[in-house]
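Novice: Handing you a structure now.
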Amino acid sequence: MTGGDSPASGENAPSGSGSPFDPGPVAVLNINYIERWKSLSREAPRSGAGREGLAPVGQRKTLLIPAGLPGREKRMVAGSGGKSVKGVAFVKTKSVQEAKNGPALFLDLVFRNDPPGPSLREIPARLWEGVDRVSDQVESGTLIYAEGQEIVFNGENQIRLSRIQPLKATPEEIREYIPRAAVSATNGMERLREYLASLEDPCLRAVGLGLLDDPEVRQAFPVAPAAKKNHHASLGGLLEHTLEIMEMGHRIAPVLGLNRDLLLLGLFLHDIGKCWEISSRPGFSYTDEGRLVGHMYLGCEKVAQVARQIEGFPETYLRVLQHFILSHHGEMAYGSPVLPSTPEAMAVHFLDNLSGQVNAMRKVQPQDKDQWGFEKNRGAYIWKKGSDPSAWEHTPLGEGGRKVFDR
């Protein structure tokens, strides 16, 4: 654990008094929701009933905070002095960790944004006061009302919370805060079938289509996230990620002289164990079997299960396919028990990494007017307008503040 995620990394608990936990009434959306929202902060007492006293968000299928109303987090640029944040947020992850001044509550929150920009924004949040009272009331996979200051710590935007309040919400309301992949499940699975049906080797084609028709794969693959946080962490993220790399594999196989059948099937299989390692329920938590054995083992197990149903399927074929799964992280230090041993396995590793790294860069939020943000996973600064030359400064060489190549 490094940077802003570490309770021992230098973050200090803010000064001030009073409990940040507000167990008072929750705003109910009705015809007076605007006035009710405005009165929330001054009505809710700092002590009183526990979770059982919370009012429901509403009986109708409505959003907690309609677009454009107060409380919906705006697209923000954090400065050194911080920026005020308030609104309804989804608790993606929660942990209580020991900090220098006592227990601290570490959350990953998801806010809904107003346009422009992405509809959802994920950001870490920290609470330093009254954690003993709050920790049992806030759970991952639920909605809360949050207030605080957005700051930059160790290059990363995060919220220093001053107030949180649990909310009761329907599954429909919670789903509004869950990121979804851009590709539709129906179209994506059809495209996946086209790739696998195009394989020329009958054994490889049979096992690929057999996996796609497996009841467990058919149910889980269209909605599974590819990761809990770092890349393609969305409903359908695994499908989106897989289609990206299969399209790249289809195109580079003839350029590099690779076996297209093996490469495409290896790309399809490399993360198939994520279907059972990470839950597709809100919060994308790890499953018990995911924590116990991990997605590589789960993927190898499923491939073996389907391959053994195909009469005469060669043992060597199975081991080569399992090798794609076991070696796709590329290095033992990153979790692979073996290194890539074929050109196709090496290509699977690099294409997987390319798709994941580009997706992670695109998720970075800019921190200043020059559109620089920080990607914590790699510890790198990302220039958000670096892919758009029309947004760059167009001062001719020699006419700016610094004369480049002026001898």
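The values are calculated or read from the model by the stated rules, or taken from the named source; none is laboratory data. These figures come from a predicted structure and were not determined experimentally. We place every Cβ from the backbone using ideal geometry, glycine too, and count neighbours over all the protein chains shown.
Novice: In this structure, is Ser355 of a type in the set (Ser, Thr, Tyr) and either within 25 Å of Leu258 (Cα to Cα) or in a strand (DSSP E or B) (or both)?
Specialist: Here the answer is yes, as Ser355 does meet what is asked.
Novice: While we're on this one: Kindly indicate whether Ser327 is buried (at least 18 other Cβ atoms within 10 Å of the Cβ), within 25 Å of Ala233 (Cβ to Cβ), within 22 Å of the chain's Cα centre (by Cα) and modelled with pLDDT of 90 or more.
Specialist: On the way: buried (at least 18 other Cβ atoms within 10 Å of the Cβ): yes; within 25 Å of Ala233 (Cβ to Cβ): yes; within 22 Å of the chain's Cα centre (by Cα): no; modelled with pLDDT of 90 or more: yes.
When the stated conditions are applied, Ser327 does not pass them.
Novice: Among the residues of the range 152-174, count how many are of a type in the set (A, V, I, L, M), within 29 Å of Ile382 (Cβ to Cβ) and crowded, with 21+ Cβ neighbours inside 10 Å. Don't jump to the end; show me each part of the working.
Specialist: So the first thing to find is which residues in the range 152-174 are of a type in the set (A, V, I, L, M), and the list is 152, 159, 161, 164, 167, 169, 174.
If we keep only those that are within 29 Å of Ile382 (Cβ to Cβ) too, we end up with 152, 159, 161.
Those still in the list that are crowded, with 21+ Cβ neighbours inside 10 Å too: 159, 161.
Qualifying residue count, the range 152-174: 2.
Novice: What pairs come up if the first residue lies in the range 391-407 and is more than 24 Å from Lys369 (Cβ to Cβ) and surrounded by 10 or more Cβ atoms within 10 Å (Cβ to Cβ), the second is at pLDDT below 80 and of a type in the set (D, E, K, R), and their beta carbons are under 7 Å apart, counting only those six or more places apart or on different chains?
Specialist: Gly398/Asp406
Novice: Take the residues in the range 193-236 that are touching a Ser or Thr at 6+ places or on another chain (Cβ under 7 Å) and surrounded by 20 or more Cβ atoms within 10 Å (Cβ to Cβ), then tell me which one is modelled with the lowest pLDDT.
Specialist: Residue satisfying both the conditions and the ranking: Leu235.
Novice: Here's another thing I want to ask about it. Name the residue that is farthest from the chain's Cα centre (by Cα), counting only residues in the range 175-188 that are hydrophobic (A, V, I, L, M, F, W, C) and surrounded by fewer than 19 Cβ atoms within 10 Å (Cβ to Cβ).
Specialist: Residues of the range 175-188 hydrophobic (A, V, I, L, M, F, W, C): 178, 181-183, 185.
With the extra rule that they be surrounded by fewer than 19 Cβ atoms within 10 Å (Cβ to Cβ), the set shrinks to 182, 185.
Numbers: Ala182: 14, Ala185: 18 Å.
Per the stated criteria, the residue is Ala185.
Novice: Residue by residue through the range 293-336, note down the ones that are touching a residue at least 24 places away in the same chain (Cβ under 8 Å) and of a type in the set (Ser, Thr, Tyr).
Specialist: Within the range 293-336, Tyr297, Tyr317, Ser336 meet the criteria.
Novice: Follow-up question, since we're still on this one. Show the residue pairs that are 6+ apart or on different chains and have beta-carbon atoms under 7 Å apart, the first residue being within the range 192-205 and within 17 Å of Met248 (Cα to Cα), the second being of a type in the set (Gly, Ala, Ser).
Specialist: Matching pairs, first to second residue: Leu196/Gly208; Leu199/Gly208.
Novice: Criterion first (at pLDDT 80 or above and surrounded by fewer than 11 Cβ atoms within 10 Å (Cβ to Cβ)) does Asp388 satisfy it?
Specialist: Values: at pLDDT 80 or above: yes; surrounded by fewer than 11 Cβ atoms within 10 Å (Cβ to Cβ): yes.
Yes.
Novice: What are the residues in the range 133-154 that are assigned to a loop (DSSP other than H, G, I, E, B), within 19 Å of the chain's Cα centre (by Cα) and in contact (Cβ under 8 Å) with a residue 60 or more places away in the chain, if any?
Specialist: Hits for the range 133-154 are Ser140, Gly141.
Novice: Quick one: what pairs do we get from the range 165-177, first residue closer than 28 Å to Glu129 by Cβ, second basic (Lys, Arg), C-beta under 7 Å, 6+ apart or different chains?
Specialist: Pro166/Arg51; Tyr177/Arg112
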